[in-house]
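Here's the structure, in structure tokens; my notes come after.
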Ligand SMILES: Cc1ncc(COP(=O)(O)O)c(C=O)c1O
């Protein structure tokens, strides 16, 4: 199983409910509510040269997601931070992504959760994929679809079926991402990314509400833009607005990537935009400088 090997050909090590185990042996119970109901939440944290990017913001979001589904965090923030450090130390990729998943635990299958259940906690650390320079030169592509997700997209839930269907459609169309549209045609976000446009020279992205996940990278992009005198507007936006010259997406695993064609139409001149590339460069420089 090539996906379970590190660069050393050693199996990856996972954390499952209090134990470090080789990934091929890392299992949870069939009555786990994550498996039965997608009753859980997760986080993905990037790590460059041993430095975790915006770790506190990720742990805060994890706590908010748990609180939103009334799941008591099974450990303190500092204990979770220590676990993140330990899982990374056992899978120390130069560029890594740490995955944390918490479910409500295992119990007899009933929608209403029993009291006193022990939450399931799983962590892994894997290599963080990097886009090739060829890929960066042409940028990403996307399609748009009506948003078929639920009405609590601000929760980082493991219930990702709609996003999987969106990714399947993107794959079938030969593009990288599906951007979800609200009923009025506003671009909300991607299946696993936040979406931005440059309109009249301003960086525009949908405001934080129940229709989008508050991406940690989105925050970093907006902070970076403001620090470099790029005006930011958090407002609903459409693809066909006059003055729209660029699109881009952001996520922990992609940093910032220009999106150059959407629904088969070129955005601007169809090449990675100046502001997208500038933001990508500045965000990556900030991450590496920090590391
Ligand atoms: C729906 C959605 N929006 C946005 C993001 C980007 O969030 P972050 O920058 O915290 O990785 C993700 C990441 O998985 C996501 O699933």
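Listed here are the residues, each with its yes/no results for (1) outside the structural domain of residue 54 (by TED's automatic domain parsing); (2) without any contact (Cβ under 8 Å) to a residue 60 or more places away in the chain; (3) closer than 28 Å to residue 161 by Cα.
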position: 221; (1), (2), (3): yes, no, yes
position: 227; (1), (2), (3): yes, yes, no
position: 245; (1), (2), (3): yes, yes, no
position: 256; (1), (2), (3): yes, yes, yes
What about residue 198, is it over 24 Å from residue 41 (Cα atoms) and out of contact with any helix residue (DSSP H, G or I) (no Cβ under 6 Å at 6 or more places or on another chain)?
-> no
Please state which of the following conditions residue 108 fails to meet, knowing it meets all the rest: (1) out of contact with any strand residue (DSSP E or B) (no Cβ under 6 Å at 6 or more places or on another chain); (2) surrounded by 15 or more Cβ atoms within 10 Å (Cβ to Cβ); (3) more than 17 Å from residue 157 (Cα to Cα).
-> (2)
Within the stretch 185-238, tally of residues that are crowded, with 18+ Cβ neighbours inside 10 Å, within 14 Å of the ligand (Cβ to nearest atom) and not in a loop (DSSP other than H, G, I, E, B) | 15
Looking at (1) more than 15 Å from the chain's Cα centre (by Cα); (2) free of Cβ contacts under 8 Å to residues at least 40 places away in the same chain; (3) crowded, with 17+ Cβ neighbours inside 10 Å, which is the one condition that is false for residue 169?
-> (3)
Selection status of residue 81, assigned to a helix (DSSP H, G or I) and closer than 30 Å to residue 130 by Cβ | yes
Criterion violated by residue 102 - all others in (1) assigned to a loop (DSSP other than H, G, I, E, B); (2) closer than 16 Å to residue 66 by Cβ satisfied = (1)
Considering only the stretch 49-71, state which residues are under 23 Å from residue 254 (Cβ atoms) and surrounded by fewer than 18 Cβ atoms within 10 Å (Cβ to Cβ).
-> 49, 50, 51, 56, 57, 60, 64
Residue 162 within 15 Å of the ligand (Cβ to nearest atom) and assigned to a helix (DSSP H, G or I) | yes
Sort out which residues of the stretch 3-25 are at pLDDT 95 or above and under 24 Å from the mean Cα position of the chain (by Cα), and write them in order of number.
-> 12, 13, 14, 15, 16, 17, 23
Which members of the stretch 40-67 meet the condition of being out of contact with any strand residue (DSSP E or B) (no Cβ under 6 Å at 6 or more places or on another chain), more than 14 Å from the ligand (Cβ to nearest atom) and touching a residue at least 60 places away in the same chain (Cβ under 8 Å)?
-> 49, 50, 51
Quick count over the stretch 129-147, residues being at pLDDT 95 or above and either more than 16 Å from the ligand (Cβ to nearest atom) or surrounded by 12 or more Cβ atoms within 10 Å (Cβ to Cβ) (or both), is 9
Residue hits (the stretch 244-275; surrounded by 24 or more Cβ atoms within 10 Å (Cβ to Cβ) and not in a strand (DSSP E or B)) are 267
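The values are calculated or read from the model by the stated rules, or taken from the named source; none is laboratory data. Predicted model, so just to flag it, every value in this text is computed and none were measured. So basically every Cβ, Gly included, is an ideal-geometry build from the backbone, and we count neighbours across all protein chains shown.
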